[in-house]
Amino acid sequence: MKIDYISKCFSYILTLNIFLITIFFSTNAMSQIFDTDIKPEIDLNKVREELNVRKQELDKREVDLNEREMQLNSLQSTIIEREKNILSIRGQVDDKLKELEGVKDNQTGRLVELYSATKPKQAANILINTDINTTVSIFKQMQPKIAGKILNEMGKLDADYASRLTGLLHPKTTPTLIIQ
């Protein structure tokens, strides 16, 4: 038994030696392969420098983008403020126009009263020399009977003016042909 035991131990030692020799030669062979074929030429300092340069470029770009964003925000605020001012001015202009329309209507109303109380021939003499648009506004607010008398007198003084005035008061419509 003792011999058996010694023989097994010897066998294990021999197997272990073969295993260690194989590992030694294989690592030696591998290191020779990697040393001769694929020698990685990585210089970590160079890589760090390149990364630092790239980081600085990115940081600079970020600063530029932040500045542009601030400029755009400022411009947007300016545009919004100007738009508010324009809308405010537009509102003021609309209010003034309404006010002027009221004044104009009031003045036209006074003129209607004045020319309605005047004799038709005298009113025609005055209105024939007045701006035709003003005359139209006056006639539209007058009672038809009084307006007709003044227009009749205008036709005696200046038929063309009376005709144009009539055309503006009653725009021509396309006649419809009725066939029976």
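Some points to look at:
The rows are residues; the columns are (1) in a helix (DSSP H, G or I); (2) modelled with pLDDT of 90 or more; (3) outside the structural domain of residue 161 (by TED's automatic domain parsing).
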residue	(1), (2), (3)
61	yes, yes, yes
64	yes, yes, yes
71	yes, yes, yes
81	yes, yes, yes
88	yes, yes, yes
104	yes, no, yes
124	yes, no, no
130	no, no, no
133	yes, no, no
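- Top-ranked residue of segment 141-156 - restricted to ones that are touching a residue at least 24 places away in the same chain (Cβ under 8 Å) and of a type in the set (Lys, Arg), ranked as nearest to residue 128 (Cα to Cα): 156
- Here is the figure for segment 113-142: residues that are of a type outside the set (Phe, Trp, Tyr) and over 14 Å from residue 169 (Cβ atoms) total 17.
- First in segment 109-133 and closer than 14 Å to residue 147 by Cα, second anywhere and in a loop (DSSP other than H, G, I, E, B), Cβ under 7 Å, 6 or more apart: 112/142; 116/142; 116/143; 128/158
- Residue list for segment 124-145, filter: surrounded by 12 or more Cβ atoms within 10 Å (Cβ to Cβ) and farther than 14 Å from residue 158 by Cβ: 134, 136, 137, 138, 139, 140, 141, 142
The values are calculated or read from the model by the stated rules, or taken from the named source; none is laboratory data. These numbers come from a predicted model, not from an experiment. Virtual Cβ from ideal backbone geometry, glycine too; neighbours counted across all protein chains shown.
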